[in-house]
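Each remark here refers to the structure printed beneath this line.
The values are calculated or read from the model by the stated rules, or taken from the named source; none is laboratory data. Remember, it's a predicted structure, so these values are computed and weren't measured experimentally. So basically every Cβ, Gly included, is an ideal-geometry build from the backbone, and we count neighbours across all protein chains shown. The protein model used for the area step is the full one, side chains on, heavy atoms only, and it has no ligands, DNA or RNA in it. Shrake-Rupley method; radii C 1.70, N 1.55, O 1.52, S 1.80 Å.
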Amino acid sequence: MSDRILPYLPEYYQEFLEFRELAQTEDIELDQLETAVQQLFDDQFVMRSSIQAIKRREMMLGIQADPTTESLDFRRQRIMNRYQTKPPFTVRWLQEQLDQLVGLGMTVVSVDVENFILYVTTNIENANVFREVQHTIQTIKPANMVYQQNTSLSDAIDLKERIAKRTITWNYKLDGWKLGEKPFSTLGTEVLLK
């Protein structure tokens, strides 16, 4: 807390306890006013808004939020997504929107132009994010297109390379082969080369 008021009073008043206490009280009020003005300014921007401003925006957009399962950051992202769904729409725009909403590389958008099918392949584990992706696509998709949701799984495959050789001994010649007497060939032991 800083001395905001006391330095402006004449020196004569600074000697009295009542005026010093009154100045401290006014300093507290001015600090609270400054905080409230800063919060009012921050509430003008979605990504810096307070919870009250987020609730007000959700009410204006018709969003029913569930604070028990949805984080404040997700709620801010959802509001930004709803504000940004204005025409004209392109496949590139939809891909960028989904990359911002879900994460870079988590969705792939493609269109089958001949059959009027919009394919969206996603790897989403969060149900709230999935519902927002569904809402976004249903909002911007043209009426003559069919939306096809594809699910992808992220998994890693480890490949190991090795080179080995093995000798093969042929047990029969073409002229003396008796079926089932011996195996046709015998494999030698495997030797790793690399």
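Is there any pair linking a residue in the range 155-166 that is under 17 Å from L187 (Cβ atoms) and of a type in the set (A, V, I, L, M) to one that is assigned to a loop (DSSP other than H, G, I, E, B) and open to solvent by 100 Å² or more (accessible area, probe 1.4 Å), with Cβ under 6 Å and at least six apart or on different chains, and which?
Partner pairs satisfying both residue conditions: I163/L193; I163/K194.
Report the residue count in the range 140-169 for those that are closer than 16 Å to T107 by Cβ and within 20 Å of the chain's Cα centre (by Cα).
So in the range 140-169, the residues closer than 16 Å to T107 by Cβ come out as 140-141, 147-154.
Keeping just the survivors that are within 20 Å of the chain's Cα centre (by Cα) gives 140, 149-154.
The number of residues fulfilling the criteria is 7.
Could you check how many residues of the range 138-194 are at pLDDT 80 or above, under 30 Å from W93 (Cβ atoms) and of a type in the set (A, V, I, L, M)?
Qualifying residue count for the region: 4.
Please identify the pairs in which a residue from the range 19-39 that is closer than 22 Å to S49 by Cα has its Cβ atom under 8 Å from the Cβ atom of a residue that is at pLDDT 90 or above and surrounded by 13 or more Cβ atoms within 10 Å (Cβ to Cβ), counting only partners at least 6 apart or on another chain.
Close Cβ pairs satisfying both conditions: Q39/S50.
Say we look at the range 1-56 and pick out the residues that are β-branched (V, I, T) and more than 30 Å from F74 (Cα to Cα); which of these is surrounded by the most Cβ atoms within 10 Å (Cβ to Cβ)? Spell out how you get there, then give the answer.
Filtering the range 1-56 down to residues β-branched (V, I, T) leaves 5, 25, 28, 35, 37, 46, 51, 54.
Filter once more, so that each one left must be more than 30 Å from F74 (Cα to Cα): 5, 25, 28.
Working: I5: 17, T25: 11, I28: 11.
Checked the range 1-56; the qualifying residue surrounded by the most Cβ atoms within 10 Å (Cβ to Cβ) is I5.
Test L104 against the criterion of being aliphatic (A, V, I, L, M) and surrounded by fewer than 10 Cβ atoms within 10 Å (Cβ to Cβ), and give yes or no. Even if it seems obvious, please write down each step before you answer.
Values: aliphatic (A, V, I, L, M): yes; surrounded by fewer than 10 Cβ atoms within 10 Å (Cβ to Cβ): yes.
Answer is yes for this residue.
Could you please let me know if Q95 is closer than 25 Å to M145 by Cα and modelled with pLDDT of 90 or more?
Working: closer than 25 Å to M145 by Cα: yes; modelled with pLDDT of 90 or more: yes.
It is true that Q95 is closer than 25 Å to M145 by Cα and modelled with pLDDT of 90 or more.
Just checking, does the range 74-90 include any residue being of a type outside the set (F, W, Y) and in contact with a Lys or Arg (Cβ under 7 Å, 6 or more places away or on another chain)?
Filtering the range 74-90 down to residues of a type outside the set (F, W, Y) leaves 75-82, 84-88, 90.
Narrowing further to those that are in contact with a Lys or Arg (Cβ under 7 Å, 6 or more places away or on another chain): 79.
Yes, the conditions are met somewhere in the range 74-90.
Exactly one of (1) at pLDDT 90 or above; (2) open to solvent by less than 100 Å² (accessible area, probe 1.4 Å); (3) not charged (D, E, K, R) is unmet by F116. Its number?
It is condition (2) that F116 fails.
Got a sec? Which helices (runs of 4 or more DSSP H) wholly within the range 57-143 have at least 1 residues that are of a type in the set (S, T, Y) and in contact (Cβ under 8 Å) with a residue 12 or more places away in the chain? Talk me through it step by step, then tell me what you get.
Values: elements: 72-83, 91-102, 127-140.
Those helices (runs of 4 or more DSSP H) span 72-83, 127-140.
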